[in-house]
1. Which one of these is over 29 Å from residue 249 (Cα atoms), surrounded by fewer than 19 Cβ atoms within 10 Å (Cβ to Cβ), β-branched (Val, Ile, Thr) and at pLDDT 95 or above: 46, 109?
2. In the list 195, 168, which residue meets the criterion of being within 30 Å of residue 150 (Cβ to Cβ), free of Cβ contacts under 8 Å to residues at least 12 places away in the same chain and not in a loop (DSSP other than H, G, I, E, B)?
3. For residue 13, work out the one condition from (1) buried (at least 20 other Cβ atoms within 10 Å of the Cβ); (2) within 24 Å of residue 214 (Cα to Cα); (3) of a type outside the set (D, E, K, R) it doesn't fulfil.
4. Report the residue count in the range 267-286 for those that are assigned to a helix (DSSP H, G or I) and surrounded by fewer than 22 Cβ atoms within 10 Å (Cβ to Cβ).
5. Just to check your reading of the model, which residue among 109, 13 is within 16 Å of residue 125 (Cβ to Cβ) and not small (Gly, Ala, Ser)?
6. How many of the residues in the range 114-150 are in contact (Cβ under 8 Å) with a residue 40 or more places away in the chain, under 21 Å from the mean Cα position of the chain (by Cα) and buried (at least 17 other Cβ atoms within 10 Å of the Cβ)?
7. If you check residue 166 against the conditions, is it surrounded by fewer than 17 Cβ atoms within 10 Å (Cβ to Cβ), at pLDDT below 95 and either in the same structural domain as residue 117 (by TED's automatic domain parsing) or within 25 Å of residue 272 (Cα to Cα) (or both)?
8. Looking at the range 1-8, is at least one residue in contact with a Gly (Cβ under 9 Å, 6 or more places away or on another chain), among the hydrophobic types (A, V, I, L, M, F, W, C), surrounded by fewer than 19 Cβ atoms within 10 Å (Cβ to Cβ) and at pLDDT below 95?
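The values are calculated or read from the model by the stated rules, or taken from the named source; none is laboratory data. Computed from a predicted structure; not experimentally measured. Here the Cβ positions follow ideal geometry from the backbone for every residue, glycine too, while neighbour counts run over all protein chains shown.
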Amino acid sequence: MTHDTFSLAGHDVHRIGFGAMQLPGPGVMGPPRDHDEAIAVLRRAVELGVNHIDTAQFYGPKVSNELIREALHPYADDLVLVSKIGARRDAEGGWLPAQQPDGLREQVVENLQTLGVDRMPVINLRVMPEEEIGAENHYPLEDQLAAMQDIVSEGLLETFGVSNVSQTQARSAIDAGAVCVQNAYNLLHRDDEATLRLCAEREVAYVPFFPLGSAFPDMPKVPDDPRVRSLAEKLGATPSQIGLAWLLRESETVLLIPGTSSIAHLEENTAAGRIVLSDTEVAELEGPLASE
């Protein structure tokens, strides 16, 4: 991997990491389709220089954390594991809020136990908007941030981050000590650009989820875009690599965590760090479609 590093909680991590969300079974529930392949992907990621792995206790639940522990424990000194709290799963795989300030510590401890560590560098607080979860499940962000500060003071975490937040919430979290922000962002979905710029100004890691889009109808897949496909063909790269390279160029504070359950896709993703886009190529990607 030839791309630069950035500091996350005081640890230098390669700017292309790995997201473990795709390791569990369909719907991020249950065991992986191929257990041995999932273990091999994690070990290959570390071989390729990945030293930032993003996970969550509610992926599976527990499945991604258990796979990481099986594949990589005892962990290399430079490996930065980052998890998330603030949600739980029901038996059908539904995503439930779990943001009571007095319950956040328990969720942190669950992650520590499953991963087999006494302390983690970062855990992100995933924030769910009130309109999604209802007033009865909503708690003031400042109370949740205070709880995260207490967990850090206790020594269970080195520090914390936030996920799925507005720019205003991100600013409050950074003021409270957050070292990273995870929000949805990619070439075709740039609604969160103001938060990305805020993180750049404050020298806080910005970790885009859905870096290549998703199956949701309001977020098209970046590799399917004609401009991306055209430039990929021109540069001898894959469309996914172009989408990731564009994100790396957006800000030096961007850390990527593309996920996959395939070694071939993992190697393709990590190789995106070798692609440096020119101003002209970026303008081509961000310009109108040929048919427009």
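1. None of the other options fit; the residue is 109.
2. Of 195, 168, the one residue that is within 30 Å of residue 150 (Cβ to Cβ), free of Cβ contacts under 8 Å to residues at least 12 places away in the same chain and not in a loop (DSSP other than H, G, I, E, B) is 168.
3. (2)
4. The qualifying residues number 13.
5. Only one candidate passes the filter, namely 109.
6. Matching residues across the range 114-150 total 12.
7. No: the conditions fail for residue 166.
8. Checked the range 1-8: at least one residue is in contact with a Gly (Cβ under 9 Å, 6 or more places away or on another chain), among the hydrophobic types (A, V, I, L, M, F, W, C), surrounded by fewer than 19 Cβ atoms within 10 Å (Cβ to Cβ) and at pLDDT below 95.
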